[in-house]
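Okay, so here's the structure we're looking at.
Read-outs throughout are calculated quantities, based only on the coordinates presented, and are distinct from any laboratory measurement. All values derive from a computational prediction rather than experimental measurement. Quick reminder, even Gly has a Cβ in these numbers, built from the backbone with ideal geometry, and neighbours come from all protein chains shown.
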Amino acid sequence: MEFGYARVSTQEQNLDLQMDAFSKAGIKKVFTDKVSGIKSEKPQLNELLKYARNGDTLVVWRLDRLGRTTVQLIQFIEDLTAQGINLRSLTEPIDTSTATGTLIVQIFCVLAEHERNVLRERTKAGLTAARSRGRTGGRPAGLTSKFEEIKFLVKASYESKKWTIEEIMKAYKISSKTTFYKILKSAEKGASQV
């Protein structure tokens, strides 16, 4: 059985072009998402994968409807293959139920692996160059200047027990409890040094 999958990135975009292509191709059951390709969570695609069985075919208008990066796409195709589900694109020469379509996917896999290796080499070279200049990676230790300025106010608000942690976080625009406790800890150290 063939199942269509259509996706657009925003609620404002419409699926007409893709739906027309599926209709022309005779695909009756189509799952649709309105979510960015960058996001890994695509609810209707997940539904389709629960519904599909060994030997079924997932049909897309274009491969980029499944993911933005080659690496994402290759991983997805490998997952489909492991489940025995074929993939076919209406606008590209991809059909994993044929030898030629499988060859094209394998070429994509080789290119994706090469891309990962080149990226790994560049990252390693960049880190080595940075270390030779005395720089280390990672986030800078300590608080941002914004939180450094308000840490004693946050501590005083917390110790007054008039407000909940959530209310204090909202008032001082602190986005996470981890940051909140980091601010308190810094204020404690600062108070003990005075």
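Observations
- The chain pair-distance distribution - Cα-Cα, 5 Å bins, rounded %: 1, 6, 11, 12, 10, 8, 7, 8, 9, 10, 8, 5, 3, 1, 0, 0
- The magnitude of the dipole of the range 145-193, with charges of +1 and -1 set on the Cβ of Lys/Arg and Asp/Glu and taken from the Cα centre, is near 80 debye.
- In the range 16-74, trypsin sites (Lys or Arg not before Pro) in a DSSP loop with at most 16 other beta-carbon atoms within 10 Å: K28, K39, R53, R62, R68
- Among the listed pairs K161/K182; K50/K177; K50/K170; K42/K185; K42/K170, those beyond 29 Å (Cα-Cα): K50/K177; K50/K170; K42/K185; K42/K170
- Crossing angle, helix 99-132 versus the chain [Cα axis fit, 0-90 degrees, rounded to tens]: 20
- Highest-fluctuation residue, Q75, Q44, Q13 considered, GNM on the chain with Cα pairs under 10 Å: Q13
- Around K155: net Lys/Arg minus Asp/Glu count, Cβ-Cβ under 14 Å: +2
- Debye intensity ratio I(q)/I(0), log10, the range 29-98, q values 0.15, 0.21 Å⁻¹ (C-alpha model): -0.45, -0.94
- The range 80-133: trypsin sites (Lys or Arg not before Pro) in DSSP loop, at most 10 other beta carbons within 10 Å: R133
- Excluding exposed DSSP-loop GluC sites (Glu not before Pro) (at most 14 other C-beta within 10 Å), longest clean stretch of the chain: 42-194
- Note on the chain: with charges restricted to the Cβ of Lys and Arg (+1) and Asp and Glu (-1), its dipole about the Cα centre is near 1140 debye.
- Two-site label geometry, T164 and N46: point separation in nm, points 7 Å out along Cα→Cβ: 2.8
- Annotation: the residues S23, S176, S186, sorted from fewest to most other C-beta atoms within 10 Å of their own C-beta, follow the order S176, S23, S186.
- 0 to 90° range, to nearest 10: angle between helix 177-193 axis and the chain longest Cα axis: 20
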